[in-house]
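Worksheet: the structure to be examined is printed underneath.
The values are calculated or read from the model by the stated rules, or taken from the named source; none is laboratory data. The structure displayed is predicted, hence computed values, not measured ones. When we count neighbours, we look across all protein chains shown, and the Cβ atoms used for this are built from the backbone with ideal geometry, even at glycine.
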Amino acid sequence: MTRFSRAPHPATPPRTGLLGGVFDPPHLGHVALARAAVEQLELEKLLVLVVADPGHKDVATPATTRLELARLAFADVPGAEVELDSHGRTVDSLEARRLDDAVFVLGADEFADFPKWKRPERVLELVRLAVAKRPGVPDERMREAHIRLSSPDRITYFELAPDPVSSTLVRERVARGEPMDDLVPPAVAEEVARLGLYGRAE
C-alpha cells in the first residue's frame with residue numbers, strides 16, 4: 001500500500017511554487033491552498049498562473065478580468081506573484097518556463113486525474129508535485145494516480161483543511177442574486193459586483 005507522507009522540508013531553499021488555474025472566479029479555497037503551500041513547503045515565491053485559454057474547460061470571464069480578480073485574491077499571500085499564462089496545458093507552460101527546483105501545487109482532486117493530463121511524465125521531469133490532501137477525495141483515487149506514475153518520488157503531500165467552496169458555486173450564488181461574502185475574499189466580491197459578473201444585475 002502506498003503511504004502518503006507529509007512533504008519534507010526543502011533541502012536547498014528558497015524554492016518556487018506554481019499554482020495554475022482558470023480562477024473564474026478565485027475563491028477562499030484557492031487562497032487557503034496557496035497559503036498552506038507557502039507555509040508547509042517553505043516557499044519563497046508562489047507563481048500563480050491564470051490560464052488565459054484553458055484547453056480542458058469553458059470559461060465565463062475574459063482572461064484579463066480573471067487576472068485582475070486573481071491579483072486581488074492573492075494580494076495578501078506571502079510571496080505570491082500573479083501572471084497570465086498563454087499556454088492551455090501545464091506541460092507546455094512548464095516547457096516554456098524551465099524553472100529550476102520548482103514544485104507544482106495542486107489539490108487532491110486534480111491529482112487524482114493527473115495521469116490523464118497531457119504528458120504527465122514530462123510534467124514530473126520538469127517539476128515536482130505538491131499535492132494538498134483533504135477530506136472528500138478518496139485515498140484510493142490518489143493511490144491509483146500515484147502508482148501509475150514512473151517517478152512517484154517526485155510527489156509530496158501536505159495537509160489542507162476541508163473547504164466545500166468552488167468557482168461553480170460562486171457563479172451560481174451570484175446568478176441567483178445571493179451573497180458570496182463567505183466564498184471569496186472581500187476585494188473579489190467587490191470587483192465582481194462592480195463589474196456585474198456572473199449574471200449580477202448591479
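Here is a yes/no grid of residues against (1) touching a residue at least 60 places away in the same chain (Cβ under 8 Å); (2) farther than 22 Å from Pro164 by Cα; (3) surrounded by fewer than 16 Cβ atoms within 10 Å (Cβ to Cβ); (4) in contact with a Phe, Trp or Tyr (Cβ under 7 Å, 6 or more places away or on another chain):
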position	(1), (2), (3), (4)
Asp24	yes, no, no, no
His30	no, no, no, yes
Leu33	yes, no, no, no
Ala36	yes, no, no, yes
Leu47	no, yes, no, no
Asp53	no, yes, yes, no
Pro62	no, yes, yes, no
Thr65	yes, yes, no, no
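Only one entry in Asp100, Asp76 is of a type in the set (D, E, K, R) and at pLDDT below 95, namely Asp100.
Just one of the listed residues (Leu149, Leu160) is over 21 Å from Ala36 (Cβ atoms), surrounded by 13 or more Cβ atoms within 10 Å (Cβ to Cβ) and not β-branched (Val, Ile, Thr), and it is Leu149.
The set of residues from the range 58-68 being assigned to a helix (DSSP H, G or I) and hydrophobic (A, V, I, L, M, F, W, C) comprises Ala63, Leu67. Check the range 88-107 and report whether any residue there is in contact with a Leu (Cβ under 6 Å, 6 or more places away or on another chain), of a type in the set (Phe, Trp, Tyr) and either touching a residue at least 24 places away in the same chain (Cβ under 8 Å) or under 16 Å from Glu144 (Cβ atoms) (or both). Taking every residue of the range 88-107 in turn, at least one turns out to be in contact with a Leu (Cβ under 6 Å, 6 or more places away or on another chain), of a type in the set (Phe, Trp, Tyr) and either touching a residue at least 24 places away in the same chain (Cβ under 8 Å) or under 16 Å from Glu144 (Cβ atoms) (or both).
Condition check: of a type outside the set (Val, Ile, Thr) and either more than 30 Å from Pro179 (Cα to Cα) or at pLDDT 95 or above (or both). Does Gly107 satisfy that?
Values: of a type outside the set (Val, Ile, Thr): yes; either more than 30 Å from Pro179 (Cα to Cα) or at pLDDT 95 or above (or both): no.
Taking the combined requirement at face value, the residue does not satisfy it.
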